[in-house]
Structures are given as structure tokens and as C-alpha cells.
Amino acid sequence: MLVGTARYRSFFYDRRIYSQVKLLVEIISQRCHLMSSMANCEKRLRALFRGADAVCFDVDSTVCQDEAIDELAKFAGREREVEEMTRKAMRGGITFRDALSRRLDLIQPSVAMLEDYLETHPPLFTPGIRELVKLLHQHGVHVYLVSGGFQTIIEPVARELDIPMKNIFANRLKFYFNGDYAGFDENQPTSRQDGKAQVVKYLKQYYGYQRLVMVGDGATDLAACPPADGFIGFGGNQVREKVKQESKWFAGCFSELIDELKKN
């Protein structure tokens, strides 16, 4: 009886170990398949980027190292209040446009303030962006700056990168006749959560781009693909976990993109 019981237990344990090993093998196989699939997706995206006919860059924490609205808040002495408003917006319960409106109401950026800010805060470019944009231009690629930031602050960025002013899609501030802040243009698509996707859709429809790539660090950049044909997540200044996890290609620096273009 004892021998029979021992044999039964041995058989039971062998079956349990076999089931566990089988499950482990299946998990490893699935992960290998997923990794292979992700590698193929990145490979296709890299090829798409090498042959892109247009590239749209986010500006804050992508083309430039900082976030313009945060820097403007510091300049205006309203950093703490704006940070709190940003945290509230991130927790939900407030639309992208409302969050932008409330932060601007706190800062009250007048014409005089912006002139002083621009004079003392030249663009803080992310390393490699100048070479990358120059290389894209040499390849005949149209380059756009698509941002939830402000036209006034982005124009000096575009000038230094030799990007036409018409290729800027950003929020426009409004002023009273005396130069005081009077709000922002709510007709601009970039004042909305899905604004970058709307801009990309417009560019593809109007110019007929077939291989448009979006590059950026944030969720609104990620959400622009589709309609963008490809999206490259950028983590050279800020790493957003959602963007990193969902990007087929997540670049830690612009040298990765430069090296890819030089393969042409």
C-alpha cells in the first residue's frame, strides 16, 4: 500500500512539474514572438523614417530641452501655482484647453513680458537637433514644428533651424491694444487634446504626404499616429513611461535618428 501511494505521489509531482515547465516554455515562446514582432516593427519604422517625405517635431522637451510654459511661469513668478494647475490637469477632470487657459490666466503673459523673456531666454536646443534638421533638409524632407506651446516663443526656434514660419503649428496668444494679455486663439487645433493629430491629418490631406513621421516625447505626440504614418518616441529630455512602452522606436538621443538617416 505504501509503495502504491509513493508511486502515485511521484506520478502526481511529475505531472505537476511537466505542466509548470510547459507553461514556462509557452510564456517564453510568446515573449520571444512579441520581441521579434517589436523588432520587426522598429525595423519597418526606421525604414519609413529614412524615406520620409515630412517630419513633424514636438518642441517642448523634444526640439528644446525645457517646457516653455514652465519657464515662462518661473519668469513671471507664478511657478508654484502653475505647477499645481499642471498636476490637477494630469489627474484628470479638466480638459487640455481648460488647463492651458487657467495656466495662462495665472501667468498673464503681456507683450512686454514676452519681449523680455525672449531677450533673456534664447532657445535651449536639445543636442543633435540642429544637425538632424539640416540633414533632413538636405534629403528634401519637409520639417514642421507642431506644439501645444506658443507661436511667439517658437518662432526664434524655427529661425535658428531654418524652418519656414508657415511650418509652425502652435497656439497663438492674443493681446489688448495696450499689450496686456487677452487670451489665446481657441481656433488653433493645438489648443485641443487631439490637436496634433488634426494638424498631421491636415498636412497629409493638403500636401499629399505619404510617409509622414511624428517625433515627440508626450502622449499628444503619440496620439498623432495615426494619422501620422509613423511615430518615434523621444526620451532625450523627459521619459514618459506610456510613450516609451507604446513606441515602436523609442530614441534616447537625436544621434540615433541622425545615424539612421546617414544610411541613405
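The values are calculated or read from the model by the stated rules, or taken from the named source; none is laboratory data. Treat the numbers as computed from the prediction; the structure is a model and nothing was measured. Note: ideal-geometry Cβ built from the backbone for every residue, glycine included; neighbour counts use all protein chains shown. Surface accessibility is based on the protein's heavy atoms, side chains included, excluding ligands, DNA and RNA. Shrake-Rupley method; radii C 1.70, N 1.55, O 1.52, S 1.80 Å.
Observations on the model:
- Residue identified as touching a Ser or Thr at 6+ places or on another chain (Cβ under 8 Å), in a helix (DSSP H, G or I), at pLDDT 60 or above and within 30 Å of PHE184 (Cα to Cα) among LEU72, LEU106, LEU100: LEU100
Here is a yes/no grid of residues against (1) surrounded by fewer than 19 Cβ atoms within 10 Å (Cβ to Cβ); (2) of a type in the set (A, V, I, L, M, F, W, C); (3) part of a helix (DSSP H, G or I):
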site: GLU115; (1), (2), (3): yes, no, yes
site: LEU118; (1), (2), (3): yes, yes, yes
site: ARG130; (1), (2), (3): yes, no, yes
site: GLY149; (1), (2), (3): no, no, no
site: ILE154; (1), (2), (3): no, yes, yes
site: ARG159; (1), (2), (3): yes, no, yes
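- Pairs are defined by a Cβ separation below 9 Å, a sequence spacing of at least 6 or placement on different chains, a first member in the stretch 230-255 that is in a loop (DSSP other than H, G, I, E, B), and a second member that is basic (Lys, Arg) and modelled with pLDDT of 85 or more; the pairs so defined are GLY235/LYS244; LYS248/ARG44.
- Of all residues in the stretch 186-213, those that are more than 18 Å from PHE49 (Cβ to Cβ) and modelled with pLDDT under 90 have Cβ atoms under 8 Å from Cβ atoms of residues that are among the acidic types (Asp, Glu) and surrounded by fewer than 22 Cβ atoms within 10 Å (Cβ to Cβ), 6 or more apart or on another chain, in SER191/ASP185.
- Some residue of the stretch 79-92 being in a helix (DSSP H, G or I), over 23 Å from GLY195 (Cα atoms) and in contact with an Asp or Glu (Cβ under 8 Å, 6 or more places away or on another chain): yes
- Considering (1) outside any strand (DSSP E or B); (2) modelled with pLDDT under 95; (3) among the hydrophobic types (A, V, I, L, M, F, W, C); (4) open to solvent by less than 40 Å² (accessible area, probe 1.4 Å), the lone condition that PHE177 does not fulfil carries the number (4).
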